[in-house]
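A.B. asks: This is the structure I have questions about; it appears just below.
Taken together, the values in this text are just the output of simple stated rules run on the coordinates, not laboratory data. The shown structure was predicted, so the numbers you read here are calculated from the model rather than taken from an experiment. Glycine also receives a Cβ, built like all others from the backbone with ideal geometry; neighbour counts cover every protein chain displayed.
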Amino acid sequence: MENTARAKDVRFSYSDSDKYAVDGASLTIGEGEYVALLGANGSGKSTMAKLLDVLEMPNEGDITVFGIDTKDDDKFWDIRRNTGCVFQNPDNQIVGTTVEEDVAFGPENIGIPNPELSERVENALKYVGLFDKKERQTAKLSGGQKQKLAIAGVLAMSPKFLLLDEATAMLDPVSRDEFLALVEKLVRENKISVLTITHDMTEASRTDKVYIMEKGKITLEGAPQDVLNNVPEMLEAGLDSPIYSKLLWEIKNATGLNYSLEDAKTIRSALRFLGAHFTDAKIKAPSAKPKYDETLISVKNLSYAYDDKGPKALKNIDLDIKKGELLALVGRSGCGKTTLITHMNGIIRPQGEGKVEFHYGDTVLSTSKKKEIKQIRQKVGLVFQYPEYQLFEETVYKDIAYGPKKMGMKDDELDKAIRDAAKQVGLDDEVLEKSPFELSGGQQRRVALAGVIAMKPEVLVLDEPAAGLDSRGRREMFKTISELKKNGTTIVLVTHYMDEAYEHADRICTMKDGMIMGVSDPIKMFEDKDALREMEIRAPYLRRFLEIIAVRLGLDPVSKKNLLRAQSVKEAALLLGGVDA
Amino acid sequence: MLKDISIGRYYRANSVLHNLDPRCKAILFILYLVAIFLLKSPIAIGLLVVLTVILQILGKIPPKVMWNSAKPILPIIILIVVLNVLTLKSGDVIFSWWKITITEGGVKSALIMAVRLLMMILVTSIILTLTTTPLKLSEALEKLFAPLKVIKFPVHEMAMMMSIALRFIPTLIDETDKIMKAQVSRGADYDTGTIVSRLKGYVTVLVPLFVSSFRRADELATAMDARCYNGGEGRTKLHPLKLTGKDVAIFIALSLGAFLLVAVEKIDSIRSLF
């Protein structure tokens, strides 16, 4: 097999400093091969993509693509012409005002004449399924449609090599699956070689080969099942592993029961291993979860339309949020989650009959009353998606101070609130005097979160707090959230991911088309299979896996029920191992 | 919060004017502008009103849309009329009280001025903004200014900048909206307080907006590079502007209107000498 791209001992630095973004990395991508490059944020993987498309030049080492050296000034256009890139942010790679103009941009640049040009545009749009929207304004597309448009723009260049730089990071799971299906179709039918840079393990597990990058170096490479299931190594690299290998690893941590890499390679081998050790196990009931009864926020008969003629974004919503709980709001992009939470602190005020009320002791505050809104905003902290884009002050300290100051905090009280909030999100004291703009994206997000926590809200509403973070970032974010909850803060978590909701929530509220489909305890929610089908909800991976295990181990009904009450891999491991938490 | 801003105010329809080559429209616009500046006689102005109505019918633009594009400048027109009536003094005195004197000539020229200004706005809207998308207009300008490339004027780059700016306006409006909501959640208040404190408040929106615009610009540049953008040289176009016989015929017919206006004006002014 011929190689599409090969990098050998490549080093690259953005400035003249000794800090190398890529520090001696080598990789090969064969013709027609589908390869994943994984790594934590800042590991140098995006830089690697830029080097392969000759958008940057290596300081040391060689890169050849289609057999052409990237240093060859006469021929590097041939590389770019035959290589297509799709980047992370859908908005920042669209040039055209309308869909067809954007697809035409690339072929126009390389001078494809009409009628071939319009044929290429038509075919590319048909391939990704956007042909009926060809005259639409690009700004009006959804995130998933924008990424498909980006693929169409690349396809119109008829590339031989496709580079995806975290192209699915900002998509919801359904759009992500559609996007990946499209990419896999390209690999299969058009024999295009693909390098995908991603945090997503499911995506990586579907490739032919994976490379793991850490601090500019390639630390692991091989077939996905060999690399991804090596749990300790993956954690070390700031990544995650599939659920079955993680379960074996957690069992080992809990009970000391050793397993080999061979056991953790596939679901089948993991089940075989579990079968050998835990058949007919008696599983105890996990400790009871606390109950939350006191209503803190009540949403009553809330409907909302952004304009008179348009469809309703919310339809007759009734929802109680209980004091101290973590309530997860789950649903696809555009289902009304964000509109609902924007009502919770009165940024959007109820239309018509609807009401949003906050119960504080004996007093009831309502967002329908203008005078009470300021009080409500102090009590209900709202953190929108990608909150790092709202930072504006010269120092982190001043930025965190903005909210509490507006609420009237002063002097020592203010200083203490800022430092406490910073500590809660895991920011060091020395960071406080830095400019927020010199921090990494993950740290910026924590600053933005601290800015809301410092206002000491009773309720914290978080819209996709872990979006775009790598696995380590996600773990840390959820650790912070659990600690906030432990300290008594009520939390509303908006997420696309059922697994995330399942693991962390006391109750899950699912939404679709502006309506609430159901609110329930996560365990109960997935017991009624018919109801799930009706709501078009898929059970979390963990739950489906545990159901398979229960059958394989031949558990008695009580044990099975107990095992299915595990909400995390760790909990499942403790239950299987018979160890008390 | 910012959703009601509409840029360009393009009115979607399928009409003779909508389908006319944007280069023709740009030149027609200039012809009419010059003609309107030359008009003084009431007859010519009357003819201008008739021509504007004909253009409106050709462009299939409903009166309500016309009214909406005229509405914002009405206060200015009224102000100009009032100033003219009070300051211009010629002909018979109609009204006199204390220091205020209103003359027949003053009223007449104020009215002519007002109608002329109103027609200028309406003709601009009909020929350009209502019937031409901003993108088409930027393409027309690129073509019309192409000769300037000889003196190294970056015509293609200017047009590209204009179309990218147009592409990003909705994106940035969305982003501004998001940032404002986030800051309002943290207690910002953009609607009350003194002007100084409100302006200060906007720093909380402008700084993040600038920072993100630079990031967007940087990422867009990389994406354009990756899509082989290398300036205007050797580029082709998906929908190149094509001048048809029909375009030329409509252009000639409509420009005759402008010449007719000037001719009527001349004849009328010569006649008035006798």
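A.B. asks: With contacts defined as alpha carbon pairs under 8 Å and 6 or more residues apart, what's the relative contact order of segment A:295-538 in percent?
C.D. replies: It comes to 26 percent, rounded to a whole number.
A.B. asks: So what does the Cα-only Debye profile of segment A:3-236 read at q = 0.08 Å⁻¹, as log10 I(q)/I(0), no solvent term?
C.D. replies: So the normalised log intensities are -0.29.
A.B. asks: Relative to the first principal axis of the alpha-carbon coordinates of chain B, what is the inclination of helix B:22-38, with its axis defined by its Cα atoms, in degrees from 0 to 90 and to the nearest 10?
C.D. replies: Roughly 40 degrees between the two axes.
A.B. asks: Compare B:192, B:176, B:133 in a GNM of chain B, Cα atoms joined below 10 Å, and give the one with the largest fluctuation.
C.D. replies: Taking springs between Cα atoms under 10 Å, the residue moving most is B:192.
A.B. asks: I'd like the distance separating the alpha-carbon centroids of segment A:126-194 and segment A:309-358, in whole Å.
C.D. replies: Centre-to-centre distance over Cα atoms comes out at 32 Å.
A.B. asks: What is the projected area of the convex hull of the Cα atoms of segment A:295-538, averaged over all directions, in nm²?
C.D. replies: 13.9
A.B. asks: Round to a whole angstrom and tell me the spacing of the C-alpha centers of segment B:205-219 and segment A:505-520.
C.D. replies: 35
A.B. asks: Cα extents of segment A:133-287 along the three principal axes, largest first, in whole Å?
C.D. replies: For segment A:133-287, the Cα spread along each principal axis is 62, 37, 31 Å.
A.B. asks: I've got another one for you. If you rank A:504, B:156 by fewest surrounding Cβ atoms within 10 Å, what's the result?
C.D. replies: B:156, A:504
A.B. asks: Hey, what did chain A get for relative contact order, percent, Cα under 8 Å, at least 6 apart?
C.D. replies: Result for chain A is 14 percent.
A.B. asks: Please pull out the direction-averaged projected area of segment A:186-242, using the convex hull of its alpha-carbon atoms, in nm² to one decimal place.
C.D. replies: Mean orientational projected area (segment A:186-242, Cα hull): 4.0 nm².
A.B. asks: Please list, in order along segment B:155-163, the HN-Hα scalar couplings obtained from phi with the Karplus expression 6.51 cos²θ - 1.76 cosθ + 1.60 (θ = phi - 60°), rounded to whole Hz, x for Gly and Pro.
C.D. replies: Residue by residue, segment B:155-163 yields 4, 4, 4, 4, 5, 4, 4, 4, 6 Hz.
A.B. asks: Can you bin chain B into rounded, prolate or oblate? Criterion: square roots of the alpha carbon gyration tensor eigenvalues sorted a ≥ b ≥ c, rounded for a/c under 1.5, prolate for a/b above b/c, oblate for the rest.
C.D. replies: The shape class here is oblate.
A.B. asks: I'd like the Karplus ³J(HN,Hα) series for segment B:253-267: coefficients 6.51, -1.76, 1.60, θ = phi - 60°, whole numbers in Hz, and an x wherever there's a Gly or Pro.
C.D. replies: Computed from phi, the couplings for segment B:253-267 are 4, 6, 6, 4, x, 4, 5, 4, 4, 5, 4, 4, 4, 4, 4 Hz.
A.B. asks: Also, I was wondering about something else. Output the pairs from A:146/A:529; B:64/B:136; A:19/A:265; A:291/A:512; A:355/A:423 with a Cα-Cα distance over 32 Å in this structure; if there are none, say none.
C.D. replies: A:146/A:529; A:19/A:265; A:355/A:423
A.B. asks: Per residue, what volume in Å³ does the Cα convex hull of segment B:1-102 take up?
C.D. replies: Measuring per residue, one finds 170 Å³ for the Cα hull of segment B:1-102.
A.B. asks: Taking only C-alpha pairs under 8 Å that are 6+ residues apart, what is the relative contact order of segment A:3-236 in percent?
C.D. replies: Relative contact order here is 27 percent.
A.B. asks: Let me ask another. Using each residue's phi in segment B:99-113, evaluate 6.51 cos²θ - 1.76 cosθ + 1.60 at θ = phi - 60° and report the 3J(HN,Hα) Karplus result to the nearest Hz, with x for Gly and Pro.
C.D. replies: Calculated HN-Hα couplings, in order: 9, 8, 10, 10, 10, 5, x, x, 4, 4, 6, 5, 5, 4, 4 Hz.
A.B. asks: Something else about it: Please report A:249, B:67, A:77 as a ranked list, fewest other C-beta atoms within 10 angstrom at the top and most at the bottom.
C.D. replies: Starting with the residue having the fewest Cβ neighbours, the order is B:67, A:77, A:249.
A.B. asks: So how do B:93, A:210 line up by other beta-carbon neighbours within 10 Å, fewest first?
C.D. replies: B:93, A:210
A.B. asks: Please work out whether segment B:122-274 counts as rounded, prolate or oblate from its C-alpha gyration tensor, where a ≥ b ≥ c are the square roots of the eigenvalues and a/c under 1.5 means rounded, while otherwise a/b larger than b/c means prolate and anything else oblate?
C.D. replies: Here segment B:122-274 falls in the oblate category.
A.B. asks: On to the next question. Quick one: grab the alpha carbon gyration tensor of segment A:288-367, order the square roots of its eigenvalues as a ≥ b ≥ c, and give me rounded if a/c is under 1.5, else prolate or oblate depending on whether a/b is larger than b/c.
C.D. replies: oblate
A.B. asks: Using only helices, what value at 222 nm comes out for chain A when you add -39,500 (n - 2.57) per DSSP H run of length 4 or more and divide by the total residues, to the nearest 500 deg cm²/dmol?
C.D. replies: Dividing the helical sum by the residues of chain A leaves -11500 deg cm²/dmol.
A.B. asks: For chain A, which semi-axes, largest first and in whole Å, follow from the square roots of 5 times the eigenvalues of its Cα gyration tensor?
C.D. replies: Taking √(5λ) for each Cα gyration eigenvalue gives 40, 32, 26 Å.
A.B. asks: Next question. Against the longest alpha carbon principal axis of chain B, how many degrees, from 0 to 90 and to the nearest 10, is the axis of helix B:42-58 turned?
C.D. replies: 40
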